[in-house]
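Encoded as structure tokens, the structure appears first; notes follow it.
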Amino acid sequence: MTNSNGTAFENTEIYWPRTLRFWLLLIFDIPSIICSLFVLYHLLINRASRHALHNHTVIVLLSIALCFQLTDIPWYLDFIRKGSVRPQIQARCLIWWLVNLGFYNTVSLILAWTSIERHILVFHDQWTSTRKKRFFVHYLPLIVLILYSITYYTIVIFFPPCKHDYKYKLPVCAASPCHLFHPVLGVWEMGVHGCLSTIIVTFFSIALLLRVIHHKRRRHRVFRWKVYRKMIIQLLSISALYLLLNFPIMLFSVARFLGLPNHVGVQAQQITFFLTYWVMFLLPFVILSSLPGLRNKLYMIGLLKRQRRSTVTITMRRLINVQKNPLHCAYIG
């Protein structure tokens, strides 16, 4: 989709030097992978954490982010290193689109559901008091969302009602599968997966905060703040990260839909698109910061390592002193 007055988003590349992008992605991806593995391991290995309902969506979000970090980012780095998408086959672009677009928007959909579900877990916990209720209220919506996302993106990317244009000279093969320009699927993608998800996250996150403040002020109502504090802070932290980095690209999508010319603000749109990678990079750290038990454990591990290093250093110094002056040390002993 080119324009006589300029170049459209899908035909351009962000003007930031490739070397700069390479190091930015690499520097953030490695610690992000380590953090994702660390948090996932401790959420899954601990029985209480594994069975806590509010952790299930977090585990799914982290798993998707980890897959993204292990596939999309290395492919982007490989693109920069080789100067084009390699191998230059359609399957590479299709899978990359599935990861880049499908995984990212799946995170959006699940986060939207999470922002709704937290209201249930905090204020209507009786809705999940039995196994049957938990299945219909908690597990089923999450399963449906995951299956829907897998099915939808598999169909629109691998079996589209239009013809893809594979641009091997651009990152993520231009990140523009043809369904984004389809009169129906394009509106659905932008309206439901983009705008509606963002609106739901915004509205229900703010509503949760206001409801918590309201309940705490009503002294005659018992509100177990200490019990729900973790899951409330966790949602608000993740939502803030998502909205901060996703809102600008959503505004561009809406503006394009409302008639903003294709060539206007292309580089700004490219920058906002590139910055959405940091949703996946920072997500594990935000989740880690919302889990005080894990934070303390990580702190203790670091403290023990420092103590061990100090002990080893002192021991080595004593050994060196003994070797230098054995008679003096023997006399002192």
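Overview of results
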| read-out | value |
| --- | --- |
| Qualifying position, being more than 23 Å from PHE158 (Cβ to Cβ) and over 19 Å from the mean Cα position of the chain (by Cα), among SER49, SER36 | SER49 |
| Search result, residues across the range 160-185 that are touching a residue at least 24 places away in the same chain (Cβ under 8 Å), of a type outside the set (A, V, I, L, M, F, W, C) and in a helix (DSSP H, G or I) | PRO171 |
| Residue among VAL99, VAL137 that is surrounded by 14 or more Cβ atoms within 10 Å (Cβ to Cβ), touching a residue at least 24 places away in the same chain (Cβ under 8 Å) and touching a helix residue (DSSP H, G or I) at 6+ places or on another chain (Cβ under 8 Å) | VAL99 |
| Breaking point among (1) of a type in the set (A, V, I, L, M, F, W, C); (2) at pLDDT 90 or above; (3) not assigned by TED's automatic domain parsing to the domain that holds ALA175, for MET1 | (2) |
| Number of the exception - THR154 against (1) in contact with a Ser or Thr (Cβ under 9 Å, 6 or more places away or on another chain); (2) surrounded by fewer than 16 Cβ atoms within 10 Å (Cβ to Cβ) | (1) |
| Residue that is surrounded by the most Cβ atoms within 10 Å (Cβ to Cβ), among those in the range 30-75 that are within 16 Å of PHE285 (Cβ to Cβ) and touching an Asp or Glu at 6+ places or on another chain (Cβ under 8 Å) | GLN69 |
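Condition check ((1) over 30 Å from VAL212 (Cβ atoms); (2) in a helix (DSSP H, G or I)) across all residues:
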{"site": "ILE80", "(1), (2)": "yes, yes"}
{"site": "SER84", "(1), (2)": "yes, no"}
{"site": "THR114", "(1), (2)": "no, yes"}
{"site": "HIS119", "(1), (2)": "no, yes"}
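Yes/no matrix, rows are residues, columns are (1) in the same structural domain as GLN234 (by TED's automatic domain parsing); (2) within 17 Å of LEU235 (Cα to Cα); (3) among the acidic types (Asp, Glu); (4) touching a Leu at 6+ places or on another chain (Cβ under 7 Å):
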{"site": "THR114", "(1), (2), (3), (4)": "yes, yes, no, yes"}
{"site": "HIS119", "(1), (2), (3), (4)": "yes, yes, no, yes"}
{"site": "HIS124", "(1), (2), (3), (4)": "yes, yes, no, no"}
{"site": "ARG131", "(1), (2), (3), (4)": "yes, no, no, no"}
{"site": "PHE135", "(1), (2), (3), (4)": "yes, no, no, no"}
{"site": "TYR139", "(1), (2), (3), (4)": "yes, no, no, no"}
{"site": "TYR148", "(1), (2), (3), (4)": "yes, no, no, no"}
{"site": "TYR152", "(1), (2), (3), (4)": "yes, no, no, no"}
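The values are calculated or read from the model by the stated rules, or taken from the named source; none is laboratory data. As the structure is a prediction and not an experimental result, all values here were calculated from the model. When we count neighbours, we look across all protein chains shown, and the Cβ atoms used for this are built from the backbone with ideal geometry, even at glycine.
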